[in-house]
Amino acid sequence: MEQGIEFDTDLIKRYNQSGPRYTSYPTAVQFDEGFGIADYNAAAVRSNASGRGLSLYFHIPFCDTICFYCACNKEWTRDRKKTTPYLERLFKEIELQAKLFDPNRKVEQLHWGGGTPTFINHDEMRQLMAKTREHFNLYDDDTGEYSIEIDPREATAETIKLLRELGFNRMSLGVQDFDPKVQKAVNRIQSEQETFTVLNAARAEGFLSVNVDLIYGLPLQTKDSFLQTLDKLIEVQPDRFSVFNYAHMPTMFPTQKKMREEDMPSPDQKLAILQATTERLLQAGYVYIGMDHFAKPDDELAVAQRNETLYRNFQGYSTHADCDLVGMGATSIGLIDNTYSQNRKSLDAYYAAIDAGVLPIFRGVHLTEDDELRRNVITRLISHFHLNFETVNQQWGIRFDEYFAKELKMLTVFAHDGLLTLDDKDIFVTAKGRLLIRNICMIFDAYLTVGSNSRFSKVI
């Protein structure tokens, strides 16, 4: 399978609309507060009967400073003591969740996200992992995919050594841009030395994979300045790159108003940055995984994509497909059996629920069989850029050409534009269509209506 991209500026401009990133289907827009704890408990019973592995997500919401571009659920504070009441509740939630799941089920995937997970101190890191191991069945080797998001400003070589000892084997480093002017404009002052200290420590401690996060479309960025950042990082050969398109949505994320609109690169400048970045990464030997992600050809994500075993969930792309996700901490989202659920967002509401001895779930959604089928189709396309109709027919007991007759007709426009090839057996997304995979997936989204995608970011 070819894992490259063909950059067609005219097509990208024509198709550059807003749309979901499909870390879930249905998306969080469809979550409803009619879904409650009883629904979650029933889903856990069905989940245990399945024998699937588990994926655990822990949300650490705290940040020492606010990056103006950030769209994450976070709590800005300089008061390190705030972690104590939060972790006390998180430990209680671990106990509550663990009671629902068969203790023999292995934790195939574990992730600490935020916020800034390394905001908590080293003793707290030890306590959190010890509490997790006490109540869930974690691996003692590198069989599982255990990852953490790292802000290099909040980590040292000693931190990385500890995280490796605790069982983490993958990390994602937030960099965004090394340009001092850009860093000042977005309120994220981060030296190259801080970044490379953490990256080199990860190598020394034997982390299996190091991903670097970059964002294009930030104030004062230019193609040349962004490539300078990229080239410095390519020199040290991280295993993966995530190159995200900055989504400017100040009405939803008020801190984005602190950045000057007149400093933002134009749409044409953003496309130029993306094209130059893509070409540079491909020249450097990375392959395009999809949805902003690049990896070395021998990386497990690239191998899984070629084998069509790649999966996509709230943590991004993964090689552990068949897992139920237990989300813990404020705002966390879980995927248990045929349901999605979300914890309460504010710390006060999260604390109140835990103190009352109940799970802090406040909304979710039951997936219908049609939802599960469409999720499977979308996941296959966004992960593999290929969909075989007979494979879907056998799994779901349908006739693809009949069930999705309307969608297949709509896809003929994409085929005419060269974004995919379509016959009576398969859909193959072309190198020209891979950057626009969200548009292709949106054809199979039963919830999108005219104007409804305005709540999502631009696809490019």
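Helix-only arithmetic for the chain: the sum of -39500 (n - 2.57) across DSSP H runs with n ≥ 4, divided by the residue total, places the mean residue ellipticity at 222 nm at -11500 deg cm²/dmol. Amide H to amide H, with H built 1.01 Å from N, residue 332 comes under 5 Å of 343, counting only residues 5 or more places away or on other chains. In the context of the full set of protein chains, the range 338-385 has a per residue accessible area of 33 Å² (1.4 Å probe). In the range 343-420, the convex hull through the Cα atoms has an average projected area of 8.1 nm², a quarter of its surface area. In this simple spin-label model, placing a label point 7 Å from the Cα along the Cα-to-Cβ direction at both residue 263 and residue 45 gives a separation of 5.6 nm.
Sequentially through the range 296-303, phi angles give Karplus couplings (6.51, -1.76, 1.60; θ = phi - 60°) of 5, x, 8, 5, 4, 5, 5, 5 Hz, Gly and Pro residues having no value and appearing as x.
Along the axis of the charge dipole computed for the chain (Cβ charges of +1 for Lys and Arg, -1 for Asp and Glu, origin at the Cα centre), the listed residues 163, 197, 360 are led at the positive end by 360.
Net length available on complete extension from residue 391 to residue 298 is 30.8 nm, with 0.36 nm assigned per residue and the Cα-Cα distance removed.
Between residue 30 and residue 123, the contour length at 0.36 nm per residue exceeds the Cα-Cα span by 29.6 nm.
Placing R0 at 22 angstrom, the Cβ-Cβ distance between residue 66 and residue 346 gives a FRET efficiency of 0.80 after rounding to 0.05. Rounded to the nearest whole Hz, the Karplus-based 3J(HN,Hα) values (6.51 cos²θ - 1.76 cosθ + 1.60, θ = phi - 60°) of the range 430-442 follow the sequence 7, 4, 6, x, 5, 5, 10, 4, 4, 4, 5, 5, 4, with x at glycine and proline.
Amide H of residue 114: which non-local residues (sequence gap of 5 or more, or other chain) have their own amide H closer than 5 Å, using H built in the peptide plane? Here the answer is 60, since their amide H atoms fall under 5 Å of that of residue 114. For the range 13-86 and the range 96-123, what is the separation of their Cα centres, given in Å? A separation of 13 Å, based on Cα centres.
Net charge dipole, the chain: roughly 960 debye, given to the nearest 20, about the Cα centre with Cβ charges of +1 for Lys and Arg and -1 for Asp and Glu. In the chain, the portion of solvent-accessible area held by carbon and sulfur atoms comes to 49 percent [1.4 Å probe, whole percent, DNA, RNA and ligands not counted].
With R₀ fixed at 22 Å, the C-beta to C-beta distance from residue 79 to residue 184 puts the FRET efficiency at about 0.35. Looking at the calculated P(r) for the chain, what percent of the C-alpha pair distances fall above 37 Å? The proportion of pairs with Cα distances above 37 Å equals 23 percent. Pull up the DSSP beta bridges for the chain and report the antiparallel fraction as a percent, rounded to 5. So the antiparallel bridges in the chain amount to around 40 percent. When a/c is below 1.5 the answer is rounded, else prolate if a/b is larger than b/c, else oblate, so apply that to the range 404-451 with a ≥ b ≥ c taken from the square roots of the Cα gyration tensor eigenvalues. The shape class here is oblate. Longer than 32 Å from Cα to Cα, which of 81/296; 161/223; 13/425; 270/406; 81/258 are they? Say none if no pair is. Where the Cα-Cα span goes over 32 Å, the pairs concerned are 81/296; 161/223; 270/406. For residue 143, the accessible area of its heavy atoms, probed at 1.4 Å with every protein chain present, is near 70 square angstrom. Derived scalar couplings between HN and Hα for the range 33-48 equal 6, x, 7, x, 5, 4, 5, 5, 4, 5, 5, 5, 4, 5, 4, 4 Hz in order, rounded to whole Hz, by the Karplus curve 6.51 cos²θ - 1.76 cosθ + 1.60 (θ = phi - 60°), x for Gly and Pro. Extent along the principal axes, Cα only, for the range 75-191: 52, 31, 23 Å, with the longest axis given first.
Look at the alpha carbon pairs under 8 Å that are at least 6 residues apart: their mean separation over the length of the chain gives a relative contact order of 22 percent.
The values are calculated or read from the model by the stated rules, or taken from the named source; none is laboratory data. Quick caveat, the model's predicted, so the values are computed rather than measured. Ideal geometry is used to build each Cβ from the backbone, glycine not excepted, and the neighbour counts take in all protein chains shown. Please note that ligands, DNA and RNA were not included when accessible areas were found on the heavy atoms of the full protein model with its side chains. Shrake-Rupley method; radii C 1.70, N 1.55, O 1.52, S 1.80 Å.
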